[in-house]
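Student: The structure is given below, and queries will be raised subsequently.
The values are calculated or read from the model by the stated rules, or taken from the named source; none is laboratory data. Here the structure is a predicted model, which means the values were calculated and not measured. Reconstructed Cβ throughout: ideal geometry from the backbone, glycine too, with neighbour counts over all protein chains shown. The area values use the complete protein model at the heavy-atom level, side chains included, leaving out ligands, DNA and RNA. Shrake-Rupley method; radii C 1.70, N 1.55, O 1.52, S 1.80 Å.
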Number of protein chains: 2
Amino acid sequence: MAALSSLDELIAALRCLPGVGPRSAQRMAYHLLQRDRTGAARLAQAMERALAVLRHCVRCNTFSEEDVCARCASPRRDASRLCVVESPSDLAMIEQTQSYDGFYYVLMGRLSPLDGIGPRELGLERLIARADDGQVREVILATNFTNEGEVTALTLASLLTARGLTVSRLSRGVPVGGELEHTDVGTIAQALAERRTLS
Amino acid sequence: MAALSSLDELIAALRCLPGVGPRSAQRMAYHLLQRDRTGAARLAQAMERALAVLRHCVRCNTFSEEDVCARCASPRRDASRLCVVESPSDLAMIEQTQSYDGFYYVLMGRLSPLDGIGPRELGLERLIARADDGQVREVILATNFTNEGEVTALTLASLLTARGLTVSRLSRGVPVGGELEHTDVGTIAQALAERRTLS
């Protein structure tokens, strides 16, 4: 059906979105063309603009329209601390706590040997160089507490301590407001093993 | 964060896709920018091209780059039968059976009063006009066997029989290859009520 080629091409192109298979791609294409052409036009424009203007901050590696993002350019941040996160959304979560005023480094991923993402693919040498600027004293590892996040943290810890930096990790344990009855056993085991002495 | 506006705009624009909430939109934006810029550029182009060239076939209402799609322009089809489906993918399923050679009408939806889609929003008057062309003798209703699909079929049946057309519906029953043990009770009840006499 040569007459359908632009529709087929749209359906095929939608499959570049993560988690979108052939059926969802078809549903999305029909929805956009039938019910939301304005939204589709806006999305196409937003995508082209983002591709054109967004690059990575040379200091923290997050998405930025400038060489150095506004956060890294701020003179009010504590240059002795660097917090390493996996993604910009993790950074946003930590900012929301309003309890950290150091700088960040965004990995834009995690070590995942099975997916072919090793230290080189993740660009760990750029993080090492950033942490080695002479001002950073402590690197706080805030990667996720998944298997891959933990492996990433352990790898970074050995690379960074070898350079004489203090390396710390977010604490694990029962969530604030959490009830033991509804907490998974692994978390309780960790909370027990890493219990704090109350003075 | 003015520096993030094009990223925020992309995340907001992705939410026009059906089934995409704030978290998936964020994940999609990061994925495209970080891992698949080629795919994103292709998607933006495919979307703009589809919006520019795709319209609805004036005869069957499916997406088409021509006023009359290739299928409706075919002289080999049986003009006395018209099959009504909800979507282009339903049409594709029926074509795959290779057991129908009449024409189609694609509703591009179904009656759904709760979502504000009534006979006018669905453009049923265009289907009536199409079926009233003097050549169509039988209209085969192939809307889905969901509640909304059934309501759509019943509404169409009363509108079309009032015009002297023969109206039929796909049969319901146990799927080919299906075992009663693994068929839902509602389907078995229908298959029993609509049992066929073997001669």
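Student: Against the longest principal axis of chain A, how steep is helix A:37-53, in degrees 0 to 90 to the nearest 10, with axes from Cα atoms?
Tutor: The angle comes out at about 50 degrees.
Student: For the Cα atoms of chain B, what angle does the longest principal axis make with the long axis of helix B:5-14, in degrees from 0 to 90, nearest 10?
Tutor: Computed tilt is about 10 degrees.
Student: So for chain A, what percent of the C-alpha to C-alpha distances run longer than 20 Å?
Tutor: For chain A, the share of Cα pairs beyond 20 Å comes to 68 percent.
Student: Distances from B:Ala79 to the same residue in each other copy, label points 7 Å out along Cα→Cβ, in nm, shortest first?
Tutor: 8.3
Student: May I pose another question? Give me the percent of the accessible area of the protein assembly as shown that comes from carbon and sulfur atoms, probe 1.4 Å, all protein chains in place.
Tutor: The C+S portion of the solvent-accessible surface of the protein assembly as shown is 52 percent.
Student: Using helices alone, what [θ] at 222 nm do you get for chain A, with -39,500 (n - 2.57) per DSSP H run of 4 or more residues, divided over all residues and rounded to the nearest 500?
Tutor: After summing the helix terms and dividing by residue count, I get -13000 deg cm²/dmol.
Student: Same structure again: Within 10 Å of each Cβ in A:58-70, how many Cβ atoms from other chains are there, averaged over the peptide?
Tutor: The mean count of partner-chain Cβ atoms within 10 Å per residue comes to 2.
Student: Cut-off 10 angstrom, C-alpha nodes, Gaussian network model of chain A. Which of A:Pro119, A:Pro88, A:Pro75 fluctuates the most?
Tutor: Highest fluctuation of the listed residues: A:Pro75.
Student: Loop only per DSSP, at most 14 neighbouring Cβ atoms within 10 Å: give me the trypsin sites (Lys or Arg not before Pro) in segment B:97-141, ordered by residue number.
Tutor: Of the trypsin sites (Lys or Arg not before Pro), the ones in loops of segment B:97-141 whose Cβ has at most 14 other Cβ atoms within 10 Å are B:Arg120.
Student: Taking the axis about which chain B rotates onto chain A, which residue of B lies nearest it as judged by Cβ position, and how many whole Å separate them?
Tutor: B:Ala44, 2
Student: Would you tell me the mean number of C-beta atoms belonging to other protein chains that fall within 10 Å of each C-beta in B:26-33, as a whole number? Each step should come with its number before you reach the end.
Tutor: Values: counts 4, 5, 5, 7, 7, 4, 6, 9.
Mean shielding count: 6.
Student: Something else: Any idea what the B:Ala189 label distances to the other copies are, label 7 Å down the Cα→Cβ vector, nm, shortest first?
Tutor: 4.8
Student: Inter-copy label distances at B:His31, 7 Å along the Cα→beta-carbon direction, one decimal in nm, shortest first?
Tutor: Its label point is 1.4 nm from the equivalent points in the other copies.
Student: At what distance in angstrom do the alpha carbon centres of segment A:1-71 and segment B:135-199 lie from each other?
Tutor: When both Cα centres are located, 40 Å separates them.
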